[in-house]
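Notes for the one structure printed next.
Coordinate-derived values only; no laboratory data. What you see is a predicted model, and the numbers here were worked out from it, not measured in a lab. Ideal geometry is used to build each Cβ from the backbone, glycine not excepted, and the neighbour counts take in all protein chains shown.
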Amino acid sequence: MLTARALAPGAPLRILDAALPRPEGGQVLVQVKACGVCRTDVHIVDGEIPACRYPVTPGHEVVGVVRDGGNRFPAGTRVGVAWLAWTCGECEYCGSGRENLCERARFTGCHVDGGYAQYLIADERYCLALPEHYGDAEAAPLLCAGLIGYRCYGFAGDARTIGLYGFGAAAHVLAQVACADGRRVFAFTRSGDEKAQRFARECGAHWAGAADEMPPEPLDAAIIFAPVGALVPQALRTVKRGGRVICGGIHMSDIPGFPYAWLWGEREIVSVANLTRTDGERFLAVAARVPIRTAVRTYPLERANDALGDLRAGRLSGAAVLVPGG
Ligand SMILES: [Zn+2]
Ligand SMILES: [Zn+2]
């Protein structure tokens, strides 16, 4: 089978032929139909995630079909494989509904091979059932961009006005969900990125502007998806007293110093890490109810490096999705 492998930190992916993996107890062999390209994959290829093992096949937004193994899903069932690949089940976090924080957790496309391949092996307990009315490529961005975005959204509580910094795959899904809930979305993009601002308005944003602009009104919460630490103090200045700034990325450049007055007034800064299976089930139930339109650009698996390059350079509206074929 064809795979796109990260052999060492900082090296471009290599397209290789590999043996078909065999499922063991409780595992399923999944034939990949589509795999989303996440910002985290760029960080993994660039060597910015210290926990990652190499060589590894990235990809944790996998839409595929069970071909063999396990007993939870009959062969032929379409499933989603997301970032959370395995947790210990016995630590204080696993025991309190916070398996996303398990220190022994393994992640798809980071510790175990992911979906930049024609097939992958997954623990069936961590596979997710997918709503039927999304095509394979259209469903892929739901599995991380959608899911992590939704977990961040939970941290925004009942905020009526929400800022989204970085209008890529996660924000374009979350904007639609938030608007369906009657929230008002304020989108912040790179300065001068008219295309992204137009895209944000198409996804329902009430206002779209540059990240260094102040929104037309103070916000209840802001979620940062861009891996840019300087956005943290920037976002703090846009939220009201008691407001919250939520950092949704796994990696960010350093946060510059800022006056304490910007934090004062019971403003909070929190990070969101990983996801639980319950997050997955809850979000996919929302996706079944709210007709989310995911904007995707598909690439054949052989062009995985081009997809990463387009994401890195900010050339995408929405999400890149690899389609392995075969
Ligand atoms: Zn654990
Ligand atoms: Zn991801």
Could you work out the equivalent-ellipsoid semi-axes for the stretch 146-271, taking the square root of 5 times each eigenvalue of the Cα gyration tensor, largest first, in whole Å?
-> 20, 16, 14
Per the 1/(1 + (r/R0)^6) rule, R0 = 51 Å and r from the Cβ atoms of Tyr260 and Cys88, FRET efficiency to 0.05 is 0.85
Under the Debye formula (equal points on every Cα, no solvent term), log10 I(q)/I(0) of the stretch 1-121 at q = 0.13, 0.16, 0.17 Å⁻¹ = -0.52, -0.78, -0.87
What's log10 of I(q)/I(0) for the stretch 93-150 at q = 0.21, 0.26, 0.27, 0.29 Å⁻¹, Debye sum over Cα points only, no solvent?
-> -1.10, -1.37, -1.38, -1.38
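Determine, for each peptide in 315-322, 289-296, 136-143, the mean count of other beta carbons within 10 angstrom over its residues, then list the peptides with the highest first.
Numbers: 315-322: 22.8, 289-296: 16.4, 136-143: 26.8.
Highest mean packing first, the order is 136-143, 315-322, 289-296.
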Could you give the radius of gyration (one decimal) and Dmax (whole number) of the Cα atoms in the chain, in Å?
-> 19.1, 58
Surrounding charge for Ala178, neighbours by C-beta under 12 angstrom, Lys/Arg +1, Asp/Glu -1, total 0
Given labels modelled 7 Å from the Cα in the Cβ direction, how far is it in nm from Ala230 to Arg289?
-> 4.1
Any chance you could run the full-extension gain for Arg241 through Val270? It's 0.36 nm times the residue separation minus the Cα-Cα distance, nm to one decimal.
-> 8.9 nm
Over the stretch 216-263, the quotient of the Cα radius of gyration and 2.2 N^0.38 Å is 1.09
